[in-house]
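Since the structure comes first, as structure tokens, the remarks are kept for the end.
Please treat every number below as a calculation from the coordinates, not as lab data. Predicted model only: the values in this text are computed from it and were never measured. Reconstructed Cβ throughout: ideal geometry from the backbone, glycine too, with neighbour counts over all protein chains shown.
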Amino acid sequence: MSAAIAFWILAIGAVSTALGVVLMRNPITSALNLVLSLCFVAGLYALLEAHFVAAIQVTVYAGAIMVLFTFVIMLLDLGQVQDRIGPPEGLVKAAVMGLLGIAFVVMVAKSAHLGITIPSTSGLTPANVARAGGNTRLVGELLFGPYLLPFEIAGVLLVVALVGTVVMAKREVDPRRRK
Amino acid sequence: MTPDLGHYLTLSAMLFAIGATGVLVRRNALIIFMSVELMLNASHLALVAFSRFRESLDGQVLVFFGMTVAAAEVAVGLAIIIAVYRSRKTVNIDELRQLHG
């Protein structure tokens, strides 16, 4: 029962703050709404017994990535830029997208409530996971076991992104301007 | 009534639809980028929900890799936005249409 209450609170919070991201005019308000939405989803991860993913969702996503976003918004000083959804073209587009989105959600909801049960592959029920040392330990064993090569490649990807970002930030935008 | 897989998938679809609407309706490149993050996050929620109800942890490992890629993508994407802003003094995508055939 308490899981159901927590689910509804987190779900309503996540959806309303996600709407805030799309509807708010000020980019900073959007960014702060996105931080809240990511935190609500982190709560849902915890509810799904994915403790490790919940923790990195808060630290990496809501922490590091969103700091980068707010930093760039303040660097570019976009707080004053008004971004209105211009009538009538924008409103028509918004209405069409909203209807398509609602149709998509209804389709998923209908097909998801047909009572599909997916087979358990490895029998890692929450009780079994707790007995084996907890979610973080098991995910870590997967990461450094069967998924070791992708894990190392992810590290290489981060280095490439880092170097690319530095090169892009240091590059002269227009070579003629050097003179 | 405890929430089942259908609840989580419906919530994930809602977040995805909101993000997609944001990508197509907003004109500010930064907010479009944030909406993309919202869509990515919705797909992660679906992955974790499947992982939980399938009683397997591989979905959570996939979400871990997805977050790594998202971090790299955000760093490069924001660098591109800054570079564009430096040369064009705008992040409004209606004014950035050099690639428009």
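A compact table of results
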item: For the stretch B:5-88, Kirkwood radius (reciprocal of mean inverse C-alpha pair distance, Å); result: 13.9
item: Tilt relative to chain B, helix B:29-54 - C-alpha long axis, 0 to 90 degrees, to 10; result: 10
item: The stretch A:123-163 shape via C-alpha gyration tensor axes, a/c threshold 1.5; result: prolate
item: Within the protein assembly as shown, helix-based [θ] at 222 nm, where runs of 4 or more DSSP H residues each add -39,500 (n - 2.57), nearest 500; result: -24000 deg cm²/dmol
item: Centre separation in Å (Cα based) which lies between the stretch A:1-32 and the stretch B:48-85; result: 20
item: Span from the the stretch A:125-175 Cα centroid across to the the stretch B:1-40 one, whole angstrom; result: 23
item: 0 to 90° range, to nearest 10: angle between helix B:5-25 axis and chain B longest Cα axis; result: 10
item: Under DSSP loop assignment and at most 10 Cβ neighbours within 10 Å, longest trypsin sites (Lys or Arg not before Pro)-free interval of chain B; result: B:1-88
item: Using alpha-carbon coordinates, inclination of helix B:58-88 to the longest axis of chain B, degrees; result: 10
item: Cα shape, the protein assembly as shown, gyration tensor, a/c 1.5 rule; result: oblate
